[in-house]
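Peer 1: Quick one: the structure is below, and I'll ask about it shortly.
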Amino acid sequence: MADFDFESPPKRDGSALHQQVPPDRWCVNRADLLQFRCLVQKYVAKGLIVPNPRDDFNPCDGVIGPNIYTLKYQLIKKVTEKAGRMSWALMLHPEGLQCDLFITHCWKEGIFEFVDKVLHSWPRGARHAYCCMLSNPQNLDIGQLISTPRDSPFAIALRKSTHMMVVPNRVVSIYSRTWCVYEAFLAYSDSKYIFTASAPVPGFRKHVARAAMVNFVSFVAALVLFSVTDDGTHSSDNYHVEAQYILAVVGGLSLVASAFFQPSVVRKALVRLSAIFSGFFLGSMCPCAVLSVRFGEVRADRNVD
């Protein structure tokens, strides 16, 4: 759908389409959500999506973004009106996509926050998701569609799904919205796998790579240091054991202590310290296990002499 023309979308009969395609196929995929995020960024930059009294979002912010209520009126309804008044999902996929994942959220979250959490937490094996803001036809009579909750599109899609993803936000509990409570009740009653979406950690791979590099350098340094200082005597062995205890304790305490701090310079320093000491600890173990043959030969030669 990368080449979809949102300015002049293909025209279809949205009302007829929603009667032909069952609600458990009013779904989007991961690529659609990423595309929607990019489209919102583009429209915000052009001034086509703007702050309002109900949503005073920062147009320069790429982390939270405008909330779903804003997007309903300033983007979703406008584009789908041109396409024939169907949902965003059926505008992109007129034949529908079978539901694997049901997403529950309360519309108060920013769209960038929402999409990032959903994509980061997307369960393995799931292909298509029912997401009410994109799955329901915002230009048709939604009140009539949900007049009988147990037979509503929400309930039908949820019954077909295998997972329900709960998307929290920074503003309010999603269970302040009655529909979210009802969806939780249905999912629990049908023994669905329910889990909470989480945001990706900024720079996670970079931090892991740096910690791994520090750990490896410390490992090599300890390997060389302990190999050189091991003269085969009993006192040398005792020194190594004592050093290993210290390295293990300090490294472990540093890692545990880091869990009590919010992301900060202190937490980063504790994680690095833990990586250093754990690297030295692993390196200190290698001379005892791997290089013991060489030192055993030296001791044997001394005994012969």
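The values are calculated or read from the model by the stated rules, or taken from the named source; none is laboratory data. Just so it is clear, the structure is predicted and the values come from calculations on it, not from any experiment. Quick reminder, even Gly has a Cβ in these numbers, built from the backbone with ideal geometry, and neighbours come from all protein chains shown. These area figures cover heavy atoms from the full protein model, side chains too; ligands, DNA and RNA do not enter into them. Shrake-Rupley method; radii C 1.70, N 1.55, O 1.52, S 1.80 Å.
Peer 1: Between Asp56 and Tyr73, what is the label-to-label distance in nm when each label sits 7 Å out along the Cα-to-Cβ direction?
Peer 2: Each label point lies 7 Å from its Cα, and together they span 1.7 nm.
Peer 1: Ok, one more. What is the angle, in °, between the Cα long axis of helix 292-304 and the longest principal axis of the Cα atoms in the chain? Nearest 10 is fine, range 0 to 90.
Peer 2: Relative to the chain, helix 292-304 is tipped by roughly 10 degrees.
Peer 1: Using a Cα-Cα cut-off of under 23 Å, which lysines could be cross-linked to Lys117, ignoring same-chain neighbours fewer than 8 residues away?
Peer 2: Of all the lysines, those that pass the test against Lys117 - Cα under 23 Å, at least 8 places apart if same chain - are Lys42, Lys72, Lys108, Lys160, Lys192, Lys206.
Peer 1: A follow-up question, please. Does region 48-183 classify as rounded, prolate or oblate by the C-alpha gyration tensor (a ≥ b ≥ c root eigenvalues; a/c under 1.5 gives rounded; else a/b over b/c gives prolate, otherwise oblate)?
Peer 2: Values: a/c = 1.45, a/b = 1.20, b/c = 1.21.
Cα axes put region 48-183 in the rounded bin.
Peer 1: Please compute the contact order of region 22-74 in relative form: average sequence separation of alpha-carbon pairs under 8 Å and at least six residues apart, divided by the residue count, as a percent. Intermediate values should be presented prior to the final figure.
Peer 2: Details: 25 pairs, mean separation 12.6, N = 53.
Relative contact order of region 22-74: 24 percent.
Peer 1: For Trp122, Trp26, give the ranking by accessible area with the largest first, probe 1.4 Å.
Peer 2: Details: Trp122 25, Trp26 5 Å².
Descending order: Trp122, Trp26.
Peer 1: Among Val249, Phe114, His163, which residue has its Cα furthest toward the positive end of the charge dipole of the chain, with +1 on Lys/Arg Cβ and -1 on Asp/Glu Cβ?
Peer 2: Of the options given, the answer is Phe114.
Peer 1: Another question, then. Once the mean 1/r over all distinct Cα pairs of the chain is inverted, what Kirkwood radius in angstroms do you read off? Walk me through the numbers on the way to the answer.
Peer 2: Details: mean 1/r = 0.0428 Å⁻¹.
Hydrodynamic radius (Kirkwood, Cα pairs) of the chain is 23.4 Å.
Peer 1: With unit charges on the beta carbons (Lys and Arg positive, Asp and Glu negative) and the dipole taken about the Cα centre of region 55-156, which residue among His105, Met86, Tyr69 sits farthest to the positive side?
Peer 2: Of the candidates, Met86 comes out farthest on the positive side.
Peer 1: Based on alpha-carbon centroids, what's the gap between region 23-51 and region 157-196 in Å, whole number please?
Peer 2: Using only Cα atoms to place each centre, the spacing works out to 22 Å.
Peer 1: Report, to the nearest whole %, how much of the accessible area of region 29-131 belongs to carbon and sulfur atoms, 1.4 Å probe, protein only.
Peer 2: Details: 2200 of 4100 Å².
Whole-percent figure for carbon plus sulfur exposure: 54.
Peer 1: Which angle from 0 to 90°, rounded to the nearest 10, does the C-alpha axis of helix 265-289 make with the longest principal axis of the chain?
Peer 2: The two axes meet at around 50 degrees.
Peer 1: Based on C-alpha coordinates, I'd like the Rg and Dmax of region 107-215, in Å.
Peer 2: Spelled out, the Cα radius of gyration and Dmax of region 107-215 are 17.0, 61 Å.
Peer 1: When we measure straight from the Cα of Lys11, which lysines land under 17 angstrom away, once same-chain ones fewer than 8 places off are left out?
Peer 2: Partners within reach: Lys77, Lys78, Lys82.
Peer 1: Looking only at the chain, where both bridge partners belong to it, what percent of the DSSP beta bridges are antiparallel (to the nearest 5)?
Peer 2: 25
Peer 1: Return a whole-number percent for the relative contact order of region 1-116, with Cα pairs under 8 Å and 6 or more residues apart as the contact set. Show your work: numbers first, answer last.
Peer 2: Details: 125 pairs, mean separation 48.1, N = 116.
Result for region 1-116 is 41 percent.
Peer 1: Could you grab the relative contact order for the chain? Cα pairs under 8 Å, six or more apart, rounded to a whole percent.
Peer 2: Averaging sequence separation for qualifying contacts and normalising by length gives 17 percent for the chain.
Peer 1: How much length is gained on full extension from Met213 to Val265, taking 0.36 nm per residue of separation minus their Cα-Cα distance? Numbers along the way, then the final one.
Peer 2: On the way: separation 52, 0.36 × 52 = 18.72 nm, distance 1.86 nm.
Additional length available on full extension: 16.9 nm.
Peer 1: Indicate the gyration tensor shape class of region 106-164 (rounded, prolate or oblate), computed on the Cα atoms with a ≥ b ≥ c the square roots of the eigenvalues: a/c under 1.5 is rounded; otherwise a/b larger than b/c is prolate and the rest oblate.
Peer 2: On the way: a/c = 2.64, a/b = 1.39, b/c = 1.90.
Oblate shape, in that a/c is at least 1.5 and b/c is the bigger or equal ratio.
Peer 1: Moving to a separate point now. Taking the Cα-to-Cβ direction at Phe4 and at Gln19 and moving 7 Å from each Cα, how far apart do the two end points lie in nm?
Peer 2: Distance between the two pseudo-spin positions: 2.4 nm.
Peer 1: Same structure again: So what is the accessible area of region 18-126 per residue, in Å², with the probe set to 1.4 Å?
Peer 2: Details: 4420 Å² over 109 residues.
For region 18-126, the per-residue accessible area is 41 Å².
Peer 1: Something else: How tilted is helix 204-229 with respect to the longest principal axis of the chain? Cα atoms for both, answer in degrees (0 to 90, nearest 10).
Peer 2: With both axes taken from Cα atoms, the answer is about 10 degrees.
Peer 1: Loop by DSSP (not H, G, I, E, B), at most 13 other beta-carbon atoms within 10 Å: where is the longest site-free stretch of the chain for GluC sites (Glu not before Pro)?
Peer 2: Numbers: sites that count: Glu7, Glu95.
The longest uninterrupted stretch comes out as 96-305.
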